[in-house]
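Below is one structure, written out as structure tokens; comments come after it.
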Amino acid sequence: MILKGRVHKFWDNINTDDIIAARYLVTTNEKELGKHCMENISPSFVKEVKKGDIIVAGKNFGCGSSREHAPLAIKGCGISAVIAESFSIIFFRNAINIGLPFIELEDTSAISSKDILEINLDKGIIKNITKKDTYRIRPFPEFLKRIIKSKGLINYIKQRYHLYV
Amino acid sequence: MGYTIAEKILLTHIDKPKSIKPADFIEVKVDLVLGNDITAPLAIEEFRRAGFKKIFDIKRIVLVADHFVPAKDMKSANQAKVLLDFAKEYRIKNYFGPGIGIEHALLPEEGLIFPGDLIVGADSHTCTYGALGAFSFGVGSTDLARAFVDGRCWLKVPSTFKFIYRGKISNLITAKDIILFTIGKIGVDGALGKVMEFCGPIIKGLSMDERFTLCNMAIEAGALTGIIEPDEISFDYIKQFKTKDLKLLNELRSDSDAYYEKIYEYDLSGLQPQVACPHSPANIKSVDKLKDIKIDQVFIGSCTNGRIHDLRIAARILKNRKIKKGLRLIVIPATRKVYLEALKEGLLDIFIKAGGIISPPTCGACLGGHMGVLAEGEVCLSTTNRNFIGRMGDPKSFVYLSSPLVAAASAITGRITHPQEFLK
């Protein structure tokens with residue numbers, strides 16, 4: 001899978017209240033949640049996002065609450081992937097489980113807002129087209145690859161129990 | 001090499017028990033699965049959309065309507081109804097409707113948590129139950145939907161950080177100060193994905209209510225969970241419920257040759273009450289450095305500090321005193337049982353006469369839901385767990401986190417205040 005998009009750069013410790021404030025947790029609709037993504041910290045973010053864009057951040061992305069509405073809001077506003085130096089433990093699970101492409105990159109400091117990135121998930125390479133640079137991605141462990149390949153945890157479970165309903 | 005208590009619990013919850021080591025991926029069998037009125041509707045939707053029909057064990061599912069209840073608006077009313085309808089359809093015994101309690105205060109109180117249990121909950125503060133020597137952690141709604149189906153959950157085996165606390169602390173220092181101090185030292189990702197095992201003489205001396213506070217905030221250091229080895233205090237607590245073989249509990253100890261990735265040792269002698277400043281639970285200062293901070297609202301409650309012990313210590317300060325004119329004091333007992341006990345002991349009387357507002361049990365104010373939402377520019381001193389931007393309301397409001405003692409003292413003066421001004 002190849003993802004190409006423009007970067008929206010964020011900092012360390014972006015928390016789930018930043019991603020989607022609790023006052024919007026009265027719906028489970030991805031598009032509805034997407035309208036308020038990053039509203040508390042960057043009110044113009046949603047307007048600036050074009051379909052396929054990429055969020056790049058520092059360490060501990062998605063810390064705080066377990067709300068799966070956070071990765072849903074990111075997907076819902078049109079973001080195609082999140083790259084960060086590390087992810088909070090629950091956000092990491094949620095992203096795997098719902099099939100939001102996310103990438104751990106040891107150092108994201110060389111990537112700036114508005115850079116155009118091309119992510120090749122199969123080859124494990126990110127090309128920074130703007131800066132003519134290439135970054136290598138650590139591959140996912142085999143176990144997680146199986147869930148990703150199934151396009152999320154629910155499909156993985158359905159296949160496992162042969163539930164084709 | 002021996003095992004930590006956390007690893008021992010994992011070993012008893014996998015098929016074909018063998019050896020495990022940090023970073024292994026395993027699938028654990030869970031003893032209890034928890035969801036609330038925010039996270040469960042999403043799980044229920046996924047469960048239905050996937051076409052699942054059966055739940056693995058209706059006795060092992062707990063659904064709690066606690067976040068936006070009694071419903072704050074039509075949308076949250078509908079979400080709460082999704083929860084209730086699902087509970088009815090599947091005859092889920094452990095459904096707790098509005099006002100019964102905040103999940104993490106309620107479940108232990110209901111006797112649903114035992115040492116050695118493995119619990120997953122679609123709420124980040126599920127780590128609270130480590131206080132009883134259970135292995136419990138927060139998951140997402142999809143995890144919840146999956147656990148409904150087969151009672152299992154995937155997990156990357158975490159390594160453990162050990163935290164040892166010694167020294168002589170004053171009676172104005174609470175578990176909240178200890179955990180805030182710790183998060184201040186290691187940062188909001190200081191224990192990212194790890195187990196925080198809390199031990200040492202100071203921890204041994206904490207009551208159950210305080211231990212819940214301590215483990216509750218492990219997530220705020222990025223940890224998967226926090227845990228305390230069960231001892232007489234936790235045994236006493238669980239004895240009121242059904243009796244598992246207490247002898248087995250003695251095996252719930254970390255081996256002397258267990259592997260710890262890091263060991264932190266703190267001497268807390270002379271520690272002052274701690275306050276987390278905006279906008280991070282790791283932005284910690286001693287209370288005496290903040291005496292010029294004026295506040296508009298004080299909130300005492302939540303899964304962190306809404307238990308009877310918390311209300312008792314706050315009432316000690318507020319007894320026969322009045323809060324600062326113009327300030328709002330909101331007190332929310334975490335469960336109905338706490339509410340009734342506070343009523344019986346006259347604590348609610350003290351809060352109301354001091355000028356406080358009492359609300360039925362709800363998470364509400366902690367996450368800017370209802371019952372205490374902040375306006376632009378307002379400052380709140382709260383006994384909750386997070387002070388992120390906009391956490392309790394307007395993105396331009398400010399939240400400080402503290403113990404109930406500091407919160408009560410500050411409600412009287414209208415600025416952040418050391419409880420020693422009112423208690424010796």
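The values are calculated or read from the model by the stated rules, or taken from the named source; none is laboratory data. Owing to the predicted nature of the structure, the values given are computational and were not obtained by experimental measurement. Backbone-built Cβ (ideal geometry, glycine too); neighbour counts: all protein chains shown.
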Which condition does residue B:133 not pass, out of (1) more than 14 Å from chain A (Cβ to nearest Cβ); (2) free of Cβ contacts under 8 Å to residues at least 60 places away in the same chain; (3) not hydrophobic (A, V, I, L, M, F, W, C), if it passes all the others?
(2)
Please count how many residues of segment A:119-142 are buried (at least 16 other Cβ atoms within 10 Å of the Cβ) and at pLDDT below 90.
2
Name the single residue, out of those in segment B:398-414 being buried (at least 24 other Cβ atoms within 10 Å of the Cβ) and of a type in the set (S, T, N, Q), that is nearest to the other protein chains (Cβ to nearest Cβ).
B:402
Quick one: residue A:67 ticks every box in (1) in contact with a Gly (Cβ under 7 Å, 6 or more places away or on another chain); (2) within 8 Å of chain B (Cβ to nearest Cβ); (3) surrounded by 24 or more Cβ atoms within 10 Å (Cβ to Cβ) except a single one, so which number is it?
(1)
Go through segment B:274-297 and report how many residues are surrounded by 15 or more Cβ atoms within 10 Å (Cβ to Cβ) and part of a loop (DSSP other than H, G, I, E, B).
10
Qualifying positions in segment B:248-271 - within 26 Å of residue B:174 (Cα to Cα) and polar (S, T, N, Q)
B:254, B:269
Which of the residues belonging to segment A:111-126 are more than 22 Å from residue A:15 (Cα to Cα) and either among the small types (Gly, Ala, Ser) or within 14 Å of chain B (Cβ to nearest Cβ) (or both)?
A:124
Hey, which of the helices (runs of 4 or more DSSP H) in segment B:336-414, taking only ones fully inside, have at least 1 residues that are among the β-branched types (Val, Ile, Thr), under 24 Å from residue B:171 (Cα atoms) and in contact (Cβ under 8 Å) with a residue 60 or more places away in the chain?
B:336-344, B:404-413
Any chance residue B:271 is more than 20 Å from the chain's Cα centre (by Cα), more than 25 Å from residue B:2 (Cβ to Cβ), modelled with pLDDT of 95 or more and in a loop (DSSP other than H, G, I, E, B):
yes
Find all pairs meeting these conditions: Cβ atoms under 6 angstrom apart; at least six residues apart or on different chains; first residue within segment B:42-54 and at the interface with chain A (Cβ under 8 Å from one of its Cβ atoms); second residue small (Gly, Ala, Ser).
B:42/B:141; B:46/B:145
Identify, please: which residue in segment B:320-335 is free of Cβ contacts under 8 Å to residues at least 60 places away in the same chain and outside any loop (DSSP other than H, G, I, E, B) and is, among those, surrounded by the most Cβ atoms within 10 Å (Cβ to Cβ)?
B:331
Options B:217, B:196: the member that is assigned to a strand (DSSP E or B) and within 15 Å of the chain's Cα centre (by Cα)
B:196
Residues of segment B:55-68 that turn out to be closer than 20 Å to residue B:97 by Cβ, in a loop (DSSP other than H, G, I, E, B) and more than 11 Å from chain A (Cβ to nearest Cβ), as a count:
3
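The rows are residues; the columns are (1) over 16 Å from the mean Cα position of the chain (by Cα); (2) not polar (S, T, N, Q).
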{"residue": "A:108", "(1), (2)": "no, no"}
{"residue": "A:117", "(1), (2)": "no, yes"}
{"residue": "A:126", "(1), (2)": "no, yes"}
{"residue": "A:133", "(1), (2)": "yes, yes"}
{"residue": "A:137", "(1), (2)": "no, yes"}
{"residue": "A:141", "(1), (2)": "yes, yes"}
{"residue": "A:159", "(1), (2)": "yes, no"}
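To keep it simple, each residue is scored yes or no on (1) hydrophobic (A, V, I, L, M, F, W, C); (2) surrounded by fewer than 22 Cβ atoms within 10 Å (Cβ to Cβ); (3) more than 10 Å from chain B (Cβ to nearest Cβ).
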| position | (1), (2), (3) |
| --- | --- |
| A:2 | yes, yes, yes |
| A:15 | no, no, no |
| A:20 | yes, no, yes |
| A:34 | no, yes, yes |
| A:57 | yes, no, yes |
| A:72 | yes, no, no |
| A:88 | no, no, no |
| A:93 | no, no, no |
| A:96 | yes, no, no |
For the condition in a strand (DSSP E or B), within 28 Å of residue B:250 (Cβ to Cβ) and touching a residue at least 12 places away in the same chain (Cβ under 8 Å), what is the one hit in B:26, B:14?
B:26
For segment B:381-394, indicate whether the set of residues that are more than 14 Å from chain A (Cβ to nearest Cβ) and among the hydrophobic types (A, V, I, L, M, F, W, C) is non-empty.
yes
Tell me yes or no: at least one residue of segment A:155-165 is charged (D, E, K, R), over 30 Å from residue B:366 (Cα atoms) and away from chain B (no Cβ under 12 Å).
no
Taking segment B:111-154 and keeping residues crowded, with 24+ Cβ neighbours inside 10 Å, of a type in the set (A, V, I, L, M) and touching a strand residue (DSSP E or B) at 6+ places or on another chain (Cβ under 7 Å) leaves B:113, B:119, B:120, B:122, B:134, B:139, B:144, B:147
Failed item, numbered, when residue B:422 is tested on (1) closer than 22 Å to residue B:338 by Cα; (2) surrounded by fewer than 24 Cβ atoms within 10 Å (Cβ to Cβ); (3) touching a residue at least 40 places away in the same chain (Cβ under 8 Å):
(1)
Would you point out the residue of segment B:251-268, among those that are modelled with pLDDT of 95 or more and of a type in the set (A, V, I, L, M, F, W, C), that is nearest to residue B:180 (Cα to Cα)?
B:268
Number of positions in segment B:71-105 that are touching a residue at least 60 places away in the same chain (Cβ under 8 Å), away from chain A (no Cβ under 14 Å) and on the phi < 0 side of the Ramachandran plot:
4
